[in-house]
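**Q** Here you go, one structure.
The values are calculated or read from the model by the stated rules, or taken from the named source; none is laboratory data. Remember, predicted model here, so these are calculated numbers, not experimental data. Cβ placement follows ideal geometry from the backbone for every residue including glycine, while neighbour counts extend to all protein chains displayed. Only protein heavy atoms, including side chains, enter the accessible area calculation; ligands, DNA and RNA are left aside. Shrake-Rupley method; radii C 1.70, N 1.55, O 1.52, S 1.80 Å.
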Amino acid sequence: MAEATLNPLATLVAGVHHLFFAPLGTTLPTTVGSAPGIGLDAAFTAVGYTADTGAAFAVDTQTTNLFASQSLDPIRTIVQSKTATIQAPLIEWSAASLTAAFGGGTITAASGGWKYVPPAAGTLDEVSAVLDIVDGDERVRLVVERGIVAGSVSATLVKNAFATLPITFTALAPVDQPTAWHLLGSNDAFAPGS
């Protein structure tokens, strides 16, 4: 008989997290880092504060069931696609967050300030992403070699809340890594058999 092994130390409260982007081809981290951003290549840039509603990581697996005339139950299931995304409501309006939210672009000096110009229509910068999560003494690092920020960015501009830049970063097929994304973790619960 199988026994249920429960480990309360294997839980994760991801209230503190930091999102970083770098140009595609930047050296990816191989360790979790002792604090957010530690051990990342200098090309990685933090996108700044995110709203306290939190970020989200999702993997959407689309499948197709195959049937036979002799069975109402599926005979086989074929995976059609797997899409990993990171969603984050950015609340800083900085060079890093603007270029992240709109998939690239340029910022130049303008009379009395700065001018942001989004990327040309039909183009989005492919970037690498790291989401560093801190839970007390434990850390988790989500690494994506290649992806794009796509989808709608709709900023609500009101006087009683942050103007957020909600982004959805979608992982794309990797170039040098075996999978589109991977996790690095400091918690011993990650170890096989724990």
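**Q** As an exercise: evaluate Leu142 against (1) surrounded by fewer than 15 Cβ atoms within 10 Å (Cβ to Cβ); (2) part of a strand (DSSP E or B) and give the number of the one condition it does not meet.
**A** (1)
**Q** Count, please, the residues in the stretch 160-194 that happen to be part of a loop (DSSP other than H, G, I, E, B) and either open to solvent by less than 40 Å² (accessible area, probe 1.4 Å) or among the acidic types (Asp, Glu) (or both).
**A** Summing the residues that are part of a loop (DSSP other than H, G, I, E, B) and either open to solvent by less than 40 Å² (accessible area, probe 1.4 Å) or among the acidic types (Asp, Glu) (or both) in the stretch 160-194 gives 6.
**Q** Filter the stretch 24-39 for residues that are in contact with a Gly (Cβ under 7 Å, 6 or more places away or on another chain) and surrounded by 14 or more Cβ atoms within 10 Å (Cβ to Cβ); which is nearest to Ala173 (Cα to Cα)?
**A** Pro29
**Q** Output the number of the condition that Ile148 fails; it satisfies all remaining conditions of (1) assigned to a strand (DSSP E or B); (2) open to solvent by 50 Å² or more (accessible area, probe 1.4 Å); (3) not aromatic (Phe, Trp, Tyr).
**A** Unmet condition: (2).
**Q** Quick one: which of Thr99, Thr53, Thr27 is at pLDDT below 95 and assigned to a loop (DSSP other than H, G, I, E, B)?
**A** Within the list Thr99, Thr53, Thr27, the selection yields Thr53.
**Q** Also, I was wondering about something else. Quick one: Thr45 ticks every box in (1) open to solvent by 40 Å² or more (accessible area, probe 1.4 Å); (2) modelled with pLDDT under 95; (3) closer than 21 Å to Trp181 by Cβ except a single one, so which number is it?
**A** (2)
**Q** Same structure, new question: Within the stretch 63-79, does at least one residue satisfy the condition of being surrounded by 13 or more Cβ atoms within 10 Å (Cβ to Cβ) and small (Gly, Ala, Ser)?
**A** There is no residue in the stretch 63-79 that is surrounded by 13 or more Cβ atoms within 10 Å (Cβ to Cβ) and small (Gly, Ala, Ser).
**Q** Ala43 fails exactly one of the following numbered conditions: (1) part of a loop (DSSP other than H, G, I, E, B); (2) touching a residue at least 40 places away in the same chain (Cβ under 8 Å); (3) of a type in the set (A, V, I, L, M, F, W, C); (4) closer than 29 Å to Tyr116 by Cα. What is the number of that condition?
**A** Condition not satisfied by Ala43: (2).
**Q** Further question on the same structure: Conditions: (1) assigned to a loop (DSSP other than H, G, I, E, B); (2) open to solvent by less than 80 Å² (accessible area, probe 1.4 Å). Met1 meets all but one. Number of the miss?
**A** Going through the list (1) assigned to a loop (DSSP other than H, G, I, E, B); (2) open to solvent by less than 80 Å² (accessible area, probe 1.4 Å), Met1 breaks only (2).
**Q** Taking Asp60 as meeting all but one of (1) open to solvent by 60 Å² or more (accessible area, probe 1.4 Å); (2) part of a loop (DSSP other than H, G, I, E, B); (3) closer than 24 Å to His17 by Cβ, write down the number of the exception.
**A** With respect to (1) open to solvent by 60 Å² or more (accessible area, probe 1.4 Å); (2) part of a loop (DSSP other than H, G, I, E, B); (3) closer than 24 Å to His17 by Cβ, Asp60 is out only on (2).
**Q** A follow-up question, please. Would it be correct to say that Ala84 is in a loop (DSSP other than H, G, I, E, B), at pLDDT 95 or above and either in contact with a Ser or Thr (Cβ under 7 Å, 6 or more places away or on another chain) or closer than 26 Å to Ala121 by Cα (or both)?
**A** In short, no.
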